[in-house]
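The structure under discussion appears below in the form of structure tokens.
The values are calculated or read from the model by the stated rules, or taken from the named source; none is laboratory data. Remember, predicted model here, so these are calculated numbers, not experimental data. Glycine gets a Cβ as well: all are built from the backbone with ideal geometry, and neighbour counts include every protein chain shown. The area values use the complete protein model at the heavy-atom level, side chains included, leaving out ligands, DNA and RNA. Shrake-Rupley method; radii C 1.70, N 1.55, O 1.52, S 1.80 Å.
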Amino acid sequence: QVQLVESGGGLVQPGGSLRLSCAASGSIFSINAMGWYRQAPGKQRELVAAITSGGSTNYADSVKGRFTISRDNAKNTVYLQMNSLKPEDTAVYYCNADLRSSWYDAWRDNWGQGTQVTVSS
């Protein structure tokens, strides 16, 4: 069994910063890509940023230049540094990891429970 536990969400004023963390634990053999998604009320879940095991990154256009994704492979942890936050960044942020639990397992998507980020004055 695998768990992804997010932390770091909260309330911040426009222009402020937050850092999200997500630690994967449990039966993990290998992790491929890790990423952050978000879902605002009434909207579909969307990709915010992703990072491969080799460090290649991908960002949504709306966050380029403001958000930075990184990971610590030794700790099975992914981070999202969010700067210059805007009210439209308000959403529940979900961590995602594409991993397998043993060498013979298939790669599977795993999700965290989500952490609320609210940008408001």
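To keep it simple, each residue is scored yes or no on (1) among the hydrophobic types (A, V, I, L, M, F, W, C); (2) over 17 Å from VAL119 (Cβ atoms).
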position: GLN39; (1), (2): no, no
position: SER56; (1), (2): no, yes
position: ASP61; (1), (2): no, yes
position: ASP72; (1), (2): no, yes
position: LEU80; (1), (2): yes, no
position: LEU85; (1), (2): yes, no
position: GLU88; (1), (2): no, no
position: LEU99; (1), (2): yes, yes
position: ARG108; (1), (2): no, yes
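Going by what's in this entry, would GLY54 be described as among the small types (Gly, Ala, Ser), open to solvent by 60 Å² or more (accessible area, probe 1.4 Å) and at pLDDT below 95?
Judged against the criteria, GLY54 is a match.
Listed residues GLN113, GLN3; which is polar (S, T, N, Q), surrounded by fewer than 16 Cβ atoms within 10 Å (Cβ to Cβ) and assigned to a strand (DSSP E or B)?
Every option except GLN3 fails the conditions.
Condition first: surrounded by fewer than 17 Cβ atoms within 10 Å (Cβ to Cβ), at pLDDT 95 or above and part of a loop (DSSP other than H, G, I, E, B). Can you find one or more residues in segment 88-108 that meet it?
The answer is no, given that none of the residues of segment 88-108 is surrounded by fewer than 17 Cβ atoms within 10 Å (Cβ to Cβ), at pLDDT 95 or above and part of a loop (DSSP other than H, G, I, E, B).
If PRO14 satisfies every condition in (1) within 16 Å of ALA91 (Cβ to Cβ); (2) touching a residue at least 60 places away in the same chain (Cβ under 8 Å); (3) surrounded by 16 or more Cβ atoms within 10 Å (Cβ to Cβ) but one, which is the exception?
(3)
Looking at segment 74-121 only, could you name the residues that are of a type in the set (Gly, Ala, Ser) and either touching a strand residue (DSSP E or B) at 6+ places or on another chain (Cβ under 8 Å) or closer than 19 Å to ARG45 by Cβ (or both)?
Within segment 74-121, ALA91, ALA97, SER101, ALA106, GLY112, GLY114, SER120 meet the criteria.
Out of everything in segment 31-60 that is under 15 Å from the mean Cα position of the chain (by Cα), part of a loop (DSSP other than H, G, I, E, B) and polar (S, T, N, Q), what residue ends up being farthest from ASN73 (Cα to Cα)?
SER56
I'm trying to understand the selection: among the residues of segment 17-30, which are open to solvent by less than 20 Å² (accessible area, probe 1.4 Å) and over 10 Å from the mean Cα position of the chain (by Cα)?
Residue satisfying the conditions is ALA24 alone.
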